[in-house]
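*Asks:* Below is the structure I would like to discuss, written out as structure tokens.
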2 protein chains.
Amino acid sequence: MYNYNTGRRDKKEERKSRVLEHVVHAYVSTAVPVSSKTVAARMGGNISSATVRNIMGELEEEGYVEQPHTSAGRIPTHSGYRYYVDITKDHIRLRKKEAERLAREYNWRIRTIKEVIERTSFLISRELHNAGIVMWPSIEDFYLKHMELVKVRTETVLVILVTMTNAVKNYIVRLERDIEKAQLEKITNYINTNHEHSAFSRIAAELRSTLEDTSDSDRQDAAGIARSALAIIDSIIHEKMENEIYWEGLDYFMGEAEFQDVSITRRLLQMFSERDDLIRLMRKELPYRGIKVHIGEENSCKMLKECSVITSGYTLHGRTVGRIGVIGPTRMDYDHALRTVSCLSDLISLKLREIDW
Amino acid sequence: MYNYNTGRRDKKEERKSRVLEHVVHAYVSTAVPVSSKTVAARMGGNISSATVRNIMGELEEEGYVEQPHTSAGRIPTHSGYRYYVDITKDHIRLRKKEAERLAREYNWRIRTIKEVIERTSFLISRELHNAGIVMWPSIEDFYLKHMELVKVRTETVLVILVTMTNAVKNYIVRLERDIEKAQLEKITNYINTNHEHSAFSRIAAELRSTLEDTSDSDRQDAAGIARSALAIIDSIIHEKMENEIYWEGLDYFMGEAEFQDVSITRRLLQMFSERDDLIRLMRKELPYRGIKVHIGEENSCKMLKECSVITSGYTLHGRTVGRIGVIGPTRMDYDHALRTVSCLSDLISLKLREIDW
DNA sequence: TTTAGCACTCCTTTAATTCGAGTGCTAAAT
DNA sequence: ATTTAGCACTCGAATTAAAGGAGTGCTAAA
């Protein structure tokens, strides 16, 4: 379909593209194979169904649509969805009224970070009638203001830390070997003086390189402190990984037409039981801020083969610290999903800034 | 069916009871209405299907079984399940081999309380092919060994506490008004000296009565300390309430025959979205240690009308501190469920004792 | 290049029929 | 007085047949 010939051809391609859009649009909302007649009507009546039929034939040859059986309408293939998303993605814009409503609902009585996460997830799932997923902001990208270590038991340390955003967080860290109190104080001092105002990921990286540079001839003591500090930082970064995803709205799947195909829904639920793949997916694209759309087979993860996942990053002080998204069957209202996810990722970014952690 | 007449009659009732048992048994495993022939066969062949038919007729009149339609087999009613559970519940005993296998799987590489919760839930859902639910042990019933308060910000206090089981827990508590450091120390002192080795619920109760007894003429200072202490203890007890339930195995519903009836499954999933009812249900019977079985309509909660919930308490140092359970369609293998839940509640109680929190 | 027209395909719906598992009742057997 | 064999009857489930119709592909005219 991509083609860079004469203006004449361009016009034709343009029309073909519009036909595809209409097929996707119609199919997404009705879940019924789309006929040439339907498309002709939607295109404003100045084109006949026969012409549309021809175009659809071409689209089928090119792999953008397919027929469930002869003498049935067309449904989009994965490539079809992909094409559709690629061309619409950039100029979607939530209608102002809708955006305002979302913002109003979003901000209604919300105070803690936990509530932010839950509200986001809830709104995604309710708006899109699919499961909403929200990553917790990754601790790696937070900036350390101050850290305190308290020995609570042998091999066990309580870490209290204050981030630049004044969030107070605390972790219980279990160490491989015991550390005396005096040593602990040295570690605290070391980190507070050398690494104040750094992101945790950077602290970890710097500690690692320090350790490598330190030749054996250097003081053992310093190396020991750095090593222990790294162990603590690492286990903090690691800690949240496990529950770093929150979701909601599994029940919505049930309402969808796809439900007829039990196997898909079942796969989806299984998916949620074994969320590792999902976590990996989202982590992988964490650095990227914009919207990403994964359609069906494009997903490397087997479970997700028949689903689409749309995600978008949210930011804190200009850095992407997490992602939100929606997951549902391949036949999904991409327009609406893109609009909503985009809008909510803006809202969450705004909210994070003003929230009292 | 209950009847206290001659020995002759007893024998007859006994047989009727066995017929009902077989109906439940057969229906539970096949999900197909049970015919008189099937029951006759299962009873060992020394009874004819015609006789069974008569008995089933009586059972139907008495409301223990029903027919989906004339000329179909019988299925148990809720009363039928209830009767069945009541008579079998007391002499269920997990086969030794099965129990050993469970114990082995249970204990495999488990260290933290979180892992205990997750493992329990996982095993319930995997064994019973339904959703497993596990309450976190309620902090109220833990015994305080030592408490430490750290002021981290205005109106915000970090509470570190060590329980009698050597568990270290920590909470961030937000207060209504600020407390100075000196005052904080007094509070710490007050609790540590007056309430060491008490359960949190008792500490709260005692503080409350102290406050009531304290007449206005008493020293204001003491009252203030008690009040602040109470606020802190209360918010700690309250804190965990929200997430005090963990579950797993939603996907198993899908596999079951009941799945044909989408509305039930859907209701179940919705149920899990709005878990408040479930939490309330479990909290209500928390003090009771033994197994409780809720069948279908007996549940006050609408969502649960078509489900059964089986729960059992688990203990720590002789006190019931939480409950575990399974939730699924009314047609559930009650035998297996009772056995498994009972066994796992023993296992979790044992494990809690030895776990390194 | 577009479109009207038409034959053809094949899914869906409906109706009619058959099949059989299971019951309830009656009369004989124990 | 129970139990049981026997049999007519019921009613859902499965099978088949037919009709209906939405949609296509192709051809020939506009």
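The values are calculated or read from the model by the stated rules, or taken from the named source; none is laboratory data. This structure is a prediction, so every number in the text was calculated from the model and none was measured. All Cβ positions, glycine included, derive from the backbone under ideal geometry; neighbour counts span all protein chains shown. Side chains are part of the model used for accessible areas, which takes the heavy atoms of the whole protein and leaves out ligands, DNA and RNA. Shrake-Rupley method; radii C 1.70, N 1.55, O 1.52, S 1.80 Å.
*Asks:* I need the semi-axes of the equivalent ellipsoid of chain A: take the C-alpha gyration tensor, multiply each eigenvalue by 5, square-root it, list largest first in whole angstrom. Please report the intermediate quantities before stating the final value.
*Replies:* Details: eigenvalues 510, 83, 71 Å².
In descending order, the three semi-axes are 51, 20, 19 Å.
*Asks:* Looking at B:Thr112, B:Ser17, B:Tyr252, which one has the Cα that reaches farthest to the positive end of the dipole of chain B (charges on Cβ: Lys, Arg +1; Asp, Glu -1)?
*Replies:* Farthest along the dipole direction, towards plus: B:Ser17.
*Asks:* Related question: What is the spin-label model distance, in nm, from A:Lys305 to B:Asn46 if the labels are put 7 Å beyond Cα along the C-beta direction?
*Replies:* Result: 5.6 nm between the two label points.
*Asks:* Can I ask one more? What is the dipole size for the stretch B:140-239, taken about its Cα centre, with +1 at each Lys and Arg Cβ and -1 at each Asp and Glu Cβ, in debye to the nearest 20? The partial results should precede the final answer.
*Replies:* On the way: 12 positive and 17 negative charges, 73 e Å.
Magnitude of the dipole: close to 360 debye.
*Asks:* Between beta-carbons, use under 14 Å as the cut-off and find the net charge around A:Val85, counting Lys and Arg +1, Asp and Glu -1.
*Replies:* For residues surrounding A:Val85, the net value is -1.
*Asks:* Separate question: Report P(r) for the stretch B:43-141: all Cα-Cα distances, bin width 5 Å, range 0 to the bin holding the largest distance, values in whole percent.
*Replies:* All Cα pairs, binned at 5 Å, distribute as 2, 9, 12, 13, 15, 11, 11, 10, 8, 6, 4, 1 percent.
*Asks:* For B:Tyr81, what accessible surface area do you get with a 1.4 Å probe? Give it in Å², rounded to 10.
*Replies:* The accessible area of B:Tyr81 comes to roughly 10 Å².
*Asks:* How far, in whole Å, is the closest Cβ of chain B from the axis that maps B onto A, and which residue does it belong to?
*Replies:* B:Asn170, 3
*Asks:* Between copies, how far does the label point of B:Tyr288 sit from its twins, in nm, shortest first, when each point is 7 Å from Cα along Cα→Cβ?
*Replies:* So the distances to the same position in the other copies read 5.5 nm.
*Asks:* Mind listing the long-range amide H neighbours of B:Tyr314? Cut-off is under 5 Å, sequence gap 5 or more, other chains count too, H placed in the peptide plane at 1.01 Å from N.
*Replies:* HN-HN under 5 Å from B:Tyr314: B:Val321, B:Gly322, B:Arg323, B:Ile324.
*Asks:* Using a Gaussian network model of chain B whose springs link C-alpha atoms within less than 10 Å, name the residue from B:Thr70, B:Thr188, B:Thr38 with the highest mean-square fluctuation.
*Replies:* Maximum among the listed residues: B:Thr70.
*Asks:* Shifting gears a bit: In Å, what is the Rg of the alpha-carbon atoms in the protein assembly as shown, and how long is Dmax?
*Replies:* 31.1, 103
*Asks:* Hey, another quick one. Please find the FRET efficiency linking A:Arg126 to A:Leu350, where r is the Cβ-Cβ separation and R0 is fixed at 30 Å, and quote it to the nearest 0.05.
*Replies:* Details: r = 20 Å, r/R0 = 0.66.
Rounded to the nearest 0.05, the efficiency is 0.90.
*Asks:* Hey, what's the Cα Rg ratio for the stretch A:140-239 versus the globular rule of thumb, 2.2 N^0.38 Å? Write down the numbers at each step before the final one.
*Replies:* Numbers: Rg = 12.8 Å, N = 100, 2.2 N^0.38 = 12.7 Å.
For the stretch A:140-239, the normalised Cα radius of gyration is 1.01.
*Asks:* Taking chain B as a Gaussian network, where each spring joins two C-alpha atoms under 10 Å apart, which residue of B:Leu184, B:Leu144, B:Leu344 fluctuates the most?
*Replies:* Comparing B:Leu184, B:Leu144, B:Leu344 in a Gaussian network model of chain B, the most mobile one is B:Leu184.
*Asks:* Another question, then. Quick check for me: using +1 on Lys/Arg Cβ and -1 on Asp/Glu Cβ, what's the dipole size of the protein assembly as shown about its Cα centre, in debye to the nearest 20?
*Replies:* On the way: 106 positive and 106 negative charges, 255 e Å.
The calculated dipole for the protein assembly as shown is roughly 1220 debye.
*Asks:* Test of understanding: in a Gaussian network model of chain A with alpha carbons linked when under 10 Å, which of A:Glu180, A:Glu62, A:Glu13 would top the mean-square fluctuation ranking?
*Replies:* In this elastic network of chain A, the residue with the biggest mean-square fluctuation among A:Glu180, A:Glu62, A:Glu13 is A:Glu180.
*Asks:* Using +1 at the C-beta of Lys and Arg and -1 at the C-beta of Asp and Glu, which of A:Thr51, A:Val150, A:Thr163 has the Cα lying farthest in the positive direction of the dipole of the protein assembly as shown?
*Replies:* A:Thr51
*Asks:* B plus A alone minus the pair: what accessible area, both sides summed, probe 1.4 Å, in Å² to 100? Mind showing how you got there, number by number?
*Replies:* On the way: alone 18600 and 18610 Å², together 34780 Å².
Buried surface at the B/A interface: approximately 2400 Å².
*Asks:* Hey, which of these cross-link pairs are over 22 Å Cα-Cα: B:Lys114/B:Lys351; A:Lys97/A:Lys292; A:Lys284/A:Lys305? Show your work: numbers first, answer last.
*Replies:* Working: B:Lys114/B:Lys351 12 Å; A:Lys97/A:Lys292 25 Å; A:Lys284/A:Lys305 18 Å.
Over 22 Å Cα-Cα: A:Lys97/A:Lys292.
*Asks:* Label A:Asp10 and A:Ala182 with points 7 Å out from Cα along Cα→Cβ: what is the distance between them in nm?
*Replies:* 7.9 nm
*Asks:* Distances from B:Glu14 to the same position in the other copies: list them in nm, one decimal, shortest first, using label points 7 Å from Cα along Cα→Cβ.
*Replies:* 9.2
*Asks:* Run the quick spin-label model on B:Glu196 and A:Asn107: label points 7 Å from Cα toward the beta carbon, then report their separation in nm to one decimal.
*Replies:* 5.2 nm
*Asks:* Follow-up. Tell me, what HN-Hα J-couplings in whole Hz come from the Karplus equation 6.51 cos²θ - 1.76 cosθ + 1.60 at θ = phi - 60° for each residue of the stretch B:87-102, using x for Gly and Pro?
*Replies:* So the Karplus estimates, Gly and Pro as x, are 7, 8, 3, 7, 10, 7, 8, 5, 4, 4, 4, 4, 4, 5, 4, 4 Hz.
*Asks:* Peptide A:147-157: average number of partner chain Cβ atoms within 10 Å per residue? If you can, show how the numbers build up before the last one.
*Replies:* Numbers: counts 0, 3, 0, 6, 0, 8, 6, 0, 1, 4, 1.
Mean shielding by partner chains, rounded to a whole number: 3.
*Asks:* Which sequence of A:Val152, A:Val116 reflects their accessible areas, 1.4 Å probe, from the largest down?
*Replies:* Working: A:Val152 40, A:Val116 0 Å².
So the residues, ranked largest to smallest area, are A:Val152, A:Val116.
*Asks:* Measuring with a 1.4 Å probe in the full set of protein chains, what accessible area per residue, in whole Å², belongs to chain B? Walk me through the numbers before you get to the answer.
*Replies:* Details: 17390 Å² over 357 residues.
Per-residue accessible area for chain B comes out at 49 Å².
*Asks:* Starting from the residue with the highest accessible area, list B:Tyr143, B:Tyr171 in decreasing order, probe 1.4 Å. List each step's numbers first, then the result.
*Replies:* Values: B:Tyr143 80, B:Tyr171 10 Å².
The residues order as B:Tyr143, B:Tyr171, largest area first.
*Asks:* With +1 on each Lys and Arg Cβ and -1 on each Asp and Glu Cβ, and nothing else charged, work out how big the dipole of the stretch B:1-98 is about its Cα centre, in Debye to the nearest 20. Walk me through the numbers before you get to the answer.
*Replies:* Values: 17 positive and 12 negative charges, 106 e Å.
Roughly 520 debye, rounded to the nearest 20.
*Asks:* Taking B:Lys11 as the anchor, which lysines have their alpha carbon closer than 29 Å to its alpha carbon, excluding any fewer than eight residues away along the same chain?
*Replies:* Answer for B:Lys11, where 29 Å is the Cα cut-off: B:Lys37, B:Lys89, listed by chain and number.
*Asks:* Between 0 and 90 degrees, rounded to the nearest ten: what's the tilt of helix A:334-354 against the longest Cα principal axis of chain A?
*Replies:* Roughly 30 degrees, rounded to the nearest 10.
*Asks:* What is the average number of partner chain Cβ atoms found within 10 Å of a Cβ in B:65-77? Walk me through the intermediate numbers first.
*Replies:* On the way: counts 0, 0, 0, 0, 0, 0, 0, 0, 0, 0, 0, 0, 0.
Partner-chain Cβ atoms within 10 Å, mean over residues of B:65-77: 0.
*Asks:* List the distances, in nm and shortest first, from the label point of A:Lys97 to the matching label points in every other copy, placing each point 7 Å from Cα along the Cα-to-Cβ direction.
*Replies:* When each copy's label point is compared with this one, the spacings are 6.8 nm.
*Asks:* Related question: Would you work out if the stretch B:7-88 is rounded, prolate or oblate? Take a ≥ b ≥ c from the square roots of the eigenvalues of the alpha-carbon gyration tensor; rounded if a/c is under 1.5, else prolate when a/b is larger than b/c, oblate otherwise.
*Replies:* Values: a/c = 1.39, a/b = 1.14, b/c = 1.23.
Because its axes are fairly even, with a/c under 1.5, the stretch B:7-88 counts as rounded.
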